[in-house]
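K.L.:
Quick one: this structure, given as structure tokens, is what I'll be asking you about.
What follows draws every value from the coordinates through simple rules; no lab data is involved. Since the model is a prediction, treat every value here as computed from it, not as a measurement. We place every Cβ from the backbone using ideal geometry, glycine too, and count neighbours over all the protein chains shown.
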Amino acid sequence: MTKRTSATLLAGAACLIALLGYSASLVVPRPADGHTGAYVVGAWNLEHFREGTVRGFPENTRGGPSYPPRTDEDYNAIASMISRIEARILVLEEINAHTEDIGGKPVTRSKELDRLIRVLGPERYDYVVGATGGAEHIAILYDKRDVRLNETCECEFPDELKVENKAVFDREPLLAHFTFLSDGRPMNDLTVVGVHLASGQQLTKNHDEAMRLLQEELKKARQESHCIPSDENDILIAGDFNTGRFDKKVESFWDQMEREGWDVLGDDPASYPVTRLSGVPLKLRDSRIDYLIISKENQGLAGEEVETEAPVVHNELVGDSPEDYRRHASDHLPITVEIRVLEDTDR
């Protein structure tokens with residue numbers, strides 16, 4: 001059920017930013033000569049990243065504020081944050097995009113991400129974005145200096161597939177196979193899978209079915225070598241799961257995946273910080289709905305390339321003002337993990 005897509009290159013100039021107290025240069029540090037180091041990979045829901053759109057849901061239905069459409073200042077702030085966390089690959093959710101015919105082929109792009117990349121530097125960054133999702137697609141941003149995009153695929157589950165009266169996937173999971181580069185030399189590969197499960201933490205059966213279907217699709221993708229070569233065991237699933245592993249609305253897929261070759265990073269609420277601002281007034285409350293899941297068997301990512309038990313939740317970006325952070329960026333925080341850059345160990 002996957003279909004192949006491809007990335008295109010943009011052109012422009014980079015700029016440096018010092019904004020909102022986030023004084024980060026857009027020159028992302030690279031490993032020093034002589035060793036390979038590690039690259040930061042993760043996910044960030046950018047909260048309805050669409051020009052001209054007012055944000056604030058659901059808090060603005062409960063007495064909280066609405067936030068005006070994003071400005072150049074907001075794009076600069078987001079670019080600065082991406083630079084500050086040193087992301088080489090970043091799954092982005094709720095991205096506006098459109099598909100058009102270019103040279104007789106359908107190509108999906110996002111004018112909002114094009115605008116962001118003009119700040120980040122189009123000679124360094126590019127992205128792929130899924131064709132499905134209405135005004136909120138899944139995209140994967142990547143640093144062309146340090147990772148090479150090999151192939152992308154988007155799942156194609158039937159539109160009528162619903163559980164608990166809601167579509168299992170409003171926006172299809174997006175797969176991208178990358179090769180890490182060290183001073184231009186190809187190193188280890190991995191497939192990044194961007195997901196965004198149905199909104200509603202009470203939809204436990206919906207979420208369980210979504211993750212069951214996704215695991216089946218990943219097996220099929222490997223068998224057909226669509227974005228997951230038959231010998232590729234390094235897979236990272238990243239995104240907004242719209243549910244918490246530790247809340248009272250219990251899904252079975254967390255433990256099932258742990259038993260069947262996956263490691264859900266973040267084993268308990270004590271070691272896994274809150275990933276979303278919520279409530280009125282806006283605070284970092286008990287909301288953990290963004291996750292990274294990595295392969296752990298057959299020379300998967302867990303153990304060798306990834307050694308941590310929990311991702312980094314970048315709550316340092318919020319600073320002293322949750323309102324300012326949400327106004328300029330999102331209600332979600334970026335979550336990332338370091339993946340070691342080394343010789344490829346797949347067969």
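K.L.:
Excluding Gly194 itself, calculate the net charge of residues whose Cβ lies under 11 Å from the Cβ of Gly194, where each Lys or Arg counts +1 and each Asp or Glu counts -1.
P.N.:
-3
K.L.:
Also, I was wondering about something else. Please tell me the relative contact order of the chain in percent, rounded to the nearest whole number, where contacts are Cα pairs under 8 Å and at least six residues apart.
P.N.:
20 percent
K.L.:
Segment 2-340: D in µm²/s via Stokes-Einstein (Kirkwood Rh, Cα pairs, 37 °C, 0.692 mPa s)?
P.N.:
D, rounded to a whole number, is 163 µm²/s.
K.L.:
Now for a separate question. Pop a pseudo-label 7 angstrom from the Cα along the beta-carbon direction at both Arg145 and Ala270 and give the gap in nm to one decimal.
P.N.:
4.1 nm
K.L.:
Still on this model: Picking from Leu113, Val54, Asn298, whose Cα lies most toward the positive end of the charge dipole for the chain (charges on Cβ: Lys, Arg +1; Asp, Glu -1)?
P.N.:
Val54
K.L.:
With +1 assigned to the C-beta of every Lys and Arg and -1 to the C-beta of every Asp and Glu, and no other charges, what is the dipole magnitude of the chain about the Cα centre in debye, to the nearest 20?
P.N.:
Its charge dipole is roughly 760 debye.
K.L.:
Per 10 Å bin from zero, what fraction in whole % of the C-alpha pairs of segment 137-213 is there, up to the bin with the longest pair?
P.N.:
Histogramming segment 137-213 at 10 Å steps yields 18, 39, 23, 16, 4, 0 percent.
K.L.:
While we're here: Could you give each residue of segment 46-56 its phi-based ³J(HN,Hα) in whole Hz, using Karplus coefficients 6.51, -1.76, 1.60 with θ = phi - 60°, and x for Gly or Pro?
P.N.:
8, 6, 6, 7, 9, 4, x, 9, 7, 10, x
K.L.:
Divide by every residue of the chain the summed helix terms, -39500 (n - 2.57) for each DSSP H run of at least 4, and state the resulting mean residue ellipticity at 222 nm, rounded to the nearest 500 deg cm²/dmol.
P.N.:
-5000 deg cm²/dmol
K.L.:
If you take the beta carbon distance between Ser321 and Asn60 as r and set R0 to 25 Å, what does 1/(1 + (r/R0)^6) give as a FRET efficiency, to the nearest 0.05?
P.N.:
0.90
K.L.:
Okay, next question. Which of Lys111/Lys219; Lys166/Lys283; Lys166/Lys220; Lys220/Lys296; Lys249/Lys283 have a Cα-Cα distance over 27 Å?
P.N.:
In this structure, Lys111/Lys219; Lys166/Lys283 exceed 27 Å between Cα atoms.
K.L.:
Turning to a different aspect of this structure: Based on the Kirkwood radius over alpha-carbon pairs, what is the Stokes-Einstein translational diffusion coefficient of segment 88-168 at 37 °C with 0.692 mPa s viscosity, in µm²/s?
P.N.:
The calculation lands on 234 µm²/s.
K.L.:
How much net charge surrounds Pro269 when only the other residues with a Cβ under 13 Å from the Cβ of Pro269 are counted, with Lys and Arg +1 and Asp and Glu -1?
P.N.:
0
K.L.:
Also, quick follow-up: Tell me the net charge near Lys111. Cut-off is 13 Å between Cβ atoms, Lys111 excluded, with +1 for each Lys or Arg and -1 for each Asp or Glu.
P.N.:
Combined, the nearby Lys, Arg, Asp and Glu give +1.
K.L.:
Another question about this same structure. Contour minus end-to-end for Lys111 and Glu51, with contour as 0.36 nm per residue of separation and end-to-end as the Cα-Cα distance?
P.N.:
Fully extending the segment from Lys111 to Glu51 adds 20.7 nm.
K.L.:
Two decimals is fine: what's Rg over Rh for segment 175-282, C-alpha atoms, Kirkwood radius as Rh?
P.N.:
1.03
K.L.:
Please give the residues of segment 43-83, grouped as numeric ranges, whose backbone N is less than 19 Å from a label point set 7 Å along the Cα-to-Cβ vector of Ala167.
P.N.:
Residues 46-50 qualify, since their backbone N sits under 19 Å from the label point.
K.L.:
From the residues Met257, Ser182, Gly200, which one has its Cα farthest along the dipole of the chain in the positive direction, the dipole being from +1 and -1 charges on Cβ of Lys/Arg and Asp/Glu about the Cα centre?
P.N.:
Gly200
K.L.:
Let me ask something else. Pull out the extension gain between Thr345 and Asp72, defined as 0.36 nm times the separation in residues minus the alpha carbon to alpha carbon distance; nm, one decimal.
P.N.:
The span from Thr345 to Asp72 would gain 93.9 nm if fully extended.
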